[in-house]
Amino acid sequence: MPIRCINLHIGLKRSETIEKTIRFFAEHKEGTTEELATYLNKDYTTALRIIKILLDTGYIRFSRFEKTEAKGKEKKYYILRLDGLAAYMAFKTINISEVAKAQSGMLKVFEKWEKFVKADLETVMIERLKEATQATLLTRFVFLPAVTGGIPMSEKDTHREKVFEQHILGFIYLTEPLDQVKEVLGKNWGSLQRVWAVAFKDHALRKLKDDLLYEHERECTESLKSLTEWRAFIERTEKEQAKVS
């Protein structure tokens, strides 16, 4: 659920701690309860309670165990999920450079972030990140609940992250009429072309484009096949009815 929804149930003081926790996981590759307690300057129990809230809301997930030397105990490591990143992007102050380094394993866009920085596109990419975030939140917390009657469980992260990246890179426009896209984007059309100039030269980013086009082509092919079958069925039905009458 969005961070503001959590706030309604836990109070302002704890919501500030939750925001700091999301910031911690966004700007660090991973973290333990102990590390979070140190970062928050809180006791272990408080940190554990906050982690449980973010696990329950799908903002973070368990990543791995690591054995410690003391009494053979195991540390649990947690990492940020896409919904947690979306919450972070809604904060007033964000540090995308740190997030890109920390979350390079989540998004290929973050892994390749320096390429966009060198092309003087960091500001453009941050705006595209915000746009993709808004679309993600609207889909999950507004459109889908309106259809299903409730907030659906998160899909597999890999699928959602892929769609999220395709939105960031503007590949979602590739299935729409070219002139219409130019009209909708207006002055941003030139910026998007510069983003594509970087993305199309990178194999991993270009594959995101190819996958989207392939999936769209497959869906269109299936639709055309269904349309052909229905037309043939209707023609046969009309001929049979004509013979009877």
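The values are calculated or read from the model by the stated rules, or taken from the named source; none is laboratory data. Here the structure is a predicted model, which means the values were calculated and not measured. FYI the Cβ positions are ideal-geometry reconstructions off the backbone, even for glycines, and counts take in every protein chain you see.
Tabulated results
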| item | result |
| --- | --- |
| Thr228 vs. criteria surrounded by 10 or more Cβ atoms within 10 Å (Cβ to Cβ), touching a His at 6+ places or on another chain (Cβ under 6 Å) and not aliphatic (A, V, I, L, M) | no |
| Extreme residue, nearest to the chain's Cα centre (by Cα), among residues of the stretch 162-209 that are among the acidic types (Asp, Glu) and assigned to a helix (DSSP H, G or I) | Glu165 |
| Filtered residues of the stretch 106-157 (kept if modelled with pLDDT under 95 and either among the β-branched types (Val, Ile, Thr) or not assigned by TED's automatic domain parsing to the domain that holds Ser191 (or both)) | Thr133, Thr136, Thr139, Val142, Val147, Thr148, Ile151 |
| Odd one out for Pro2 among (1) touching a strand residue (DSSP E or B) at 6+ places or on another chain (Cβ under 9 Å); (2) modelled with pLDDT under 90 | (1) |
| Of the criteria (1) of a type outside the set (Gly, Ala, Ser); (2) free of Cβ contacts under 8 Å to residues at least 60 places away in the same chain; (3) under 26 Å from Ser15 (Cβ atoms), which one Lys118 fails | (3) |
| Residues of the stretch 12-47 that turn out to be more than 23 Å from the chain's Cα centre (by Cα) and assigned to a helix (DSSP H, G or I), as a count | 17 |
